[in-house]
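No value in this document is a laboratory result; all are computed from the given coordinates. The structure displayed is predicted, hence computed values, not measured ones. All Cβ positions, even for glycine, are placed from backbone atoms using ideal geometry, and neighbour counts span all protein chains on display.
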Amino acid sequence: MFDSFSDRISEIFEKLRKSGALKESDVDVALREIRIALLEADVSLEVAKKFIVDVREKAIGQEIVKSISPGQMVTKIVYDHLVDLLGKIKPIDINKKPYKIMLVGLQGAGKTTTAGKLAKFFTKKDKKVMLASTDIYRPAAIEQLRLLAKKIDGCVFAQSKNDGNLSFKEISKSALQISEQENVDVLVLDTAGRLHIDDVKMEELVVTQNIIVPDEILLVVDIMTGQDAFNIARKFSQSVGITGIILTRVDGDARGGVALSMRALTNCDIKFLCTGERLDDIEFFDSAKIANRLLGMGDIVSLVEKAQENFSQQENEEATQKLRQGIFTFDDLANQMEKMSKLGGLSTIVKMLPKSKFLEKAMNESGISDKTVARNLAIIKSMTKKERRNYKLLNGSRKKRIAAGSGTVIQDVNKLIKQYEYALDLFKKLKKQGGISKMASMEWW
Ligand SMILES: Nc1nc2c(ncn2[C@@H]2O[C@H](COP(=O)(O)OP(=O)(O)OP(=O)(O)O)[C@@H](O)[C@H]2O)c(=O)[nH]1
Ligand SMILES: [Mg+2]
């Protein structure tokens, strides 16, 4: 979402950080460029102007001209203002049982998918989650949520298949009752989409709200709606009262202005970003992390968090042990690669790292990409169990079969085997030097 904004702004700061002494005019040039970057990201003129005036006032007031590392100081001032602009958000605190979250929004905004994502998000944090839907208008809507609930281990679905004729009021009451009976930690209620903000169904939300008495009413907004998002937020805020916003389709090519201006223009806080269609594609809207990412300082924290969720310490140690003993098979390798794609693949990982021309160049030259990882995974999956355990069995005819099975050519199979042998060899050498204890098993990829 912020790609081109982030590229531009990190370039501005790279220049600024390099120069030793900094004149007032240098700061002004940088601020002018930041203003253009903000406008290009679809931030409104009013918000961009105020941002620049505030930063300039602070920067000049701090006598940056005399400071030792003026570029860094300006970076820090802009960073602080970006965090303010995005809003200092408190994460949702599940402080009572059941903690009730109601999702509202226009049709197709992504409510039902988001309900599933939230359920998975809290389940991963060891909460017992229940999903329920009052969307009785679209025939498949409740079924859609039931299917999502099924995919999440330990997630309870409130409705049984034969409550087809219940009204939204009855569903709300019964969801509340069951959530208490089942002792769930979090109840996520999905509601029907409204076609327009003035829809009569808006009234229904107020009634539902009075029955459920939610702890959070989160408005789900598709970031692709652009400037309309502000109107939607204001209207929902007036009619049902919302406690926060979830932006969806952040993975698309929207330019980020909505996220940057939401708080300044509507006084509503963004709580979550949804970054794709999979149930794992949701993250807390952490303004400090986003400001870091925007300024090209990388997002190591979320990378580490994601990695921790997917790679348990024990599994990592097991993989490292296997490598050490030289018994790391193609099965183990496939397992590691699958986990890495759960992190969003290499391209996501690289995006989260600090912006670096060197890294980009290294990635381009190595030819490693999400595509090659997917291809290698297909190759391993086309091997037999025996072959995966003992790659030495792979003779010419077996390689040919594997290439055909994975839609690749024999050279691809050879290349993967070479990489694998190289990695094993590397670990053997490192072992001799005693230097692998700290090397996470994912790093050699
Ligand atoms: N790329 C992308 N697609 C998303 C995201 N969130 C939802 N979608 C897709 O958007 C479509 C609509 O999502 P739903 O969750 O059904 O939307 P809804 O608001 O419940 O729709 P109604 O119930 O009809 O009002 C689905 O195809 C989802 O897969 C996201 O963050 N990124
Ligand atoms: Mg829906």
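Details
- Check: the range 99-297 dipole with +1 on Lys, Arg Cβ and -1 on Asp, Glu Cβ, in debye: 240
- Proportion of all alpha-carbon pairs of the range 68-181 beyond 22 Å (%): 46
- Cross-link check: pairs 117/385; 161/371; 111/169; 322/399 evaluated at a Cα-Cα cut-off of 30 Å; pairs beyond the cut-off: 117/385; 161/371.
- For the range 99-297, diffusion coefficient by Stokes-Einstein and Kirkwood Rh (Cα), 25 °C, 0.890 mPa s, µm²/s: 145
- Centre separation in Å (Cα based) which lies between the range 29-56 and the range 82-115: 28
- The range 101-145: C-alpha pair distances exceeding 12 Å, %: 62
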